[in-house]
Amino acid sequence: MKQKTIAVLTSGGDAPGMNAAVRAVVRTAIANDIRVLGVHRGYDGLIHGDMIPMHLRSVSDIIQNGGTALFTARSPAFMTEEGQKQAVDTCKKFDISGVVVIGGDGSFRGAKALCEKGIPCVAVPGTIDNDIACTEYTIGFDTAMNTAVEMVDRLRDTTESHNRCSVVEVMGRRCGDIALETGIAVGATCILVPEIAYDFERDILNRMEFTSKTGKHHFIVVVAEGVGHVSDIAKQIEAHTGIETRPTVLGHVQRGGSPTLRDRVVASQMGYHAVKLLHEGRSGRVVIMKDNKIADLDMAQALEMKRPFDDELYRIAMTISI
Ligand code: ADP
Ligand code: F6P
């Protein structure tokens, strides 16, 4: 019987742990006598046939690295009918019978489009944002938060020395998970997330005043991107309180760095599961975490789901972070 070939690509914003997922895909495929091609720069590489055969040693010494050894891209060309047709032609030319797509929900939509055009795909959630409704966890989230915590701890040192207020923006696109968990972990006085409309007086001024009255004279305000400009919020705080306030945008540092144990392990489990699905002839599936276990779900159904916000965790933060 002819040896089966699958391809693996990373797409959208990179996330620490993507390398561990690619490594798991390659090694699980080889263990099941499946040939693997590593596609460069996400869907762009699929359009242009930019891919290389992967062996056991192609993925040695990458599990500890941030970024993605396959490179990634946001591919406007793949959003077009023509681009997708070219990608399908490439898959046929290289005899690819399945593609593992590692990325965020945008990349999942691309995988769905490929499936609809007859190329079996399985998607693996890789994004620091943890913003994919169908899964409790996305690869990269833990590392990004640990980086954010380290950075805010550093900020606290100088904020405390000067009795200042620091307003810190963390990433997350339209999702407040990084802000919420980081905020709890650094003991932020205020945490602003896009899921909950904030009131300047109630959620910032009153909390700072209470903190101050009870004897603490420096303040950390963690703001998720998508809530508003931290420099505007900082100016507003300084104008109302007279407390020197500095804005900081953590930015892309949150996307880099060596993945944490959690990201390496989850990525390994998810990559393994993805190949098992393709091996069993199951496509159009998304690998997910549910009740802390690896599972899978229909791709179309997964993309329809709405993301719940953890109100309980937010309440805990508001109670103890003061
Ligand atoms: P992420 O995967 O991190 O959410 P993007 O939203 O930028 O990142 O998506 C990554 C890539 O996936 C896009 O550049 C595009 O090539 C592809 N993609 C996104 N949405 C679609 C769609 N609706 N149809 C086809 N391809 C899509
Ligand atoms: O999706 C990951 C992410 O880092 C978001 O948190 C952020 O909004 C976006 O990507 C930034 O994208 P870019 O790398 O294109 O600036």
Short version: ³J(HN,Hα) in whole Hz for each residue of segment 261-266, in order, from phi by Karplus 6.51 cos²θ - 1.76 cosθ + 1.60 (θ = phi - 60°), x for Gly and Pro, what are they? 3, 4, 5, 5, 6, 4
Along segment 131-137, Karplus-curve 3J(HN,Hα) (6.51, -1.76, 1.60; θ = phi - 60°) to the nearest Hz, with x for Gly and Pro, reads 9, 9, 4, 6, 10, 6, 8
The set of residues whose placed amide H lies less than 5 Å from the amide H of GLY13, leaving out same-chain residues fewer than 5 positions away, is GLY104
Which one of VAL59, VAL101, VAL124 has the biggest mean-square fluctuation once the chain is modelled by GNM with Cα springs under 10 Å? VAL59
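As an exercise, identify the trypsin sites (Lys or Arg not before Pro) in segment 222-322 lying in DSSP coil whose Cβ has no more than 11 other Cβ atoms within 10 Å.
LYS306
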Inter-site label distance for PHE200 and ASP298 at 7 Å from Cα along Cβ, in nm: 4.8
Counting only the heavy atoms of the protein chains, how much of ILE294 is accessible to a 1.4 Å probe, in Å² to the nearest 10? 40
Please compute the net charge surrounding GLY271, taking Lys and Arg as +1 and Asp and Glu as -1 over other residues with Cβ under 15 Å from its Cβ. +4
Local electrostatic count at ILE47 - Lys and Arg +1, Asp and Glu -1, tallied over other residues with Cβ under 10 Å: -2
Surrounding net charge for ALA15, when Lys and Arg each add one and Asp and Glu each subtract one, Cβ distance under 9 Å: -2
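Using the scaling law 2.2 N^0.38 Å as the reference, what is the normalised Cα Rg of the chain?
Rg over 2.2 N^0.38 Å, computed on Cα atoms: 1.10.
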In whole Hz and in residue order, list the ³J(HN,Hα) couplings for segment 47-63 that follow from phi through the Karplus curve 6.51 cos²θ - 1.76 cosθ + 1.60, θ = phi - 60°; x for Gly and Pro. 5, 9, x, 8, 8, 10, x, 10, 10, 3, 7, 5, 10, 6, 6, 10, 4
Counting only protein heavy atoms and using a 1.4 Å probe, what share of the accessible area of the chain belongs to carbon plus sulfur, as a whole percent? 51
Grab the DSSP H runs of the chain that are 4 residues or longer, score each as -39,500 (n - 2.57), total them, divide by all residues and round the 222 nm result to the nearest 500 deg cm²/dmol. -12500 deg cm²/dmol
With a 10 Å cut-off between alpha carbons and a GNM built on the chain, which of ASN206, ASN130, ASN146 moves the most? ASN206
With every protein chain kept in place and ligands, DNA and RNA left out, what is the accessible area per residue of the chain? Probe 1.4 Å, answer in Å². 44
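The values are calculated or read from the model by the stated rules, or taken from the named source; none is laboratory data. Computed from a predicted model, the values in this text were never measured in an experiment. So basically every Cβ, Gly included, is an ideal-geometry build from the backbone, and we count neighbours across all protein chains shown. The accessibility values were calculated without ligands, DNA or RNA, using every heavy atom of the protein model including side chains. Shrake-Rupley method; radii C 1.70, N 1.55, O 1.52, S 1.80 Å.
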